[in-house]
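The structure under discussion appears below in the form of structure tokens.
The values are calculated or read from the model by the stated rules, or taken from the named source; none is laboratory data. For clarity, every value in this text was computed on a predicted model and none was experimentally measured. We place every Cβ from the backbone using ideal geometry, glycine too, and count neighbours over all the protein chains shown. Heads up: the accessible areas ignore ligands, DNA and RNA and are worked out on the full protein's heavy atoms, side chains in. Shrake-Rupley method; radii C 1.70, N 1.55, O 1.52, S 1.80 Å.
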Amino acid sequence: MNPVLALMAFAIGVVVPLQAAVNNQLKLLLNGSTVLAAMISFAVGTLSLILLAVFTGQKFSGLSQLARGEWWMFLGGLLGAFFVFGTTLLAPRLGVATMLSLIIAGQVCTSLLFDRFGWLSMPLRDINLPRLAGAALVVAGVLLVNFGDKWFGR
């Protein structure tokens, strides 16, 4: 595993709770509108990506290929909006640790299926005992984060 890429993945994980907290503060500023907060978040993100594309010399002519895309290839933005909207809505209601533990468990379990079946042309990887044990530990972590104080006291 490339340590730089692993560090980047870890940093993305660090940013997710920060994003939820920042978007929650934006929601409060916008009279409690989760939808408007998510919209502003996406607008800032879109502007950031446009600037990054310009500064890194991306060829905007490649966008002409969009007409050849399948309808489902455009769902990434919708899924991203669901994520941002959902985390902005859920973080203050569930707490950041509870919300993210459930999100991570969902990600790990679904990722194993993507690896196993190669959905959407993802590379195939076997589901073996160590990987299943890792997923089980994540689920156990979710249970401990959410119910550990009830089971073991404070």
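Is it the case that some residue within region 113-124 is in a helix (DSSP H, G or I), open to solvent by 70 Å² or more (accessible area, probe 1.4 Å) and in contact with a Lys or Arg (Cβ under 9 Å, 6 or more places away or on another chain)?
There is at least one residue in region 113-124 that is in a helix (DSSP H, G or I), open to solvent by 70 Å² or more (accessible area, probe 1.4 Å) and in contact with a Lys or Arg (Cβ under 9 Å, 6 or more places away or on another chain).
Please find, among A11, A20, A43, the residue that is open to solvent by less than 80 Å² (accessible area, probe 1.4 Å) and in contact with a Ser or Thr (Cβ under 6 Å, 6 or more places away or on another chain).
A20
Does region 132-143 contain at least one residue that is open to solvent by 80 Å² or more (accessible area, probe 1.4 Å), assigned to a helix (DSSP H, G or I) and at pLDDT below 95?
Within region 132-143, not a single residue is open to solvent by 80 Å² or more (accessible area, probe 1.4 Å), assigned to a helix (DSSP H, G or I) and at pLDDT below 95.
For region 21-41, indicate whether the set of residues that are among the basic types (K, R) and in contact (Cβ under 8 Å) with a residue 40 or more places away in the chain is non-empty.
Yes, region 21-41 contains at least one residue that is among the basic types (K, R) and in contact (Cβ under 8 Å) with a residue 40 or more places away in the chain.
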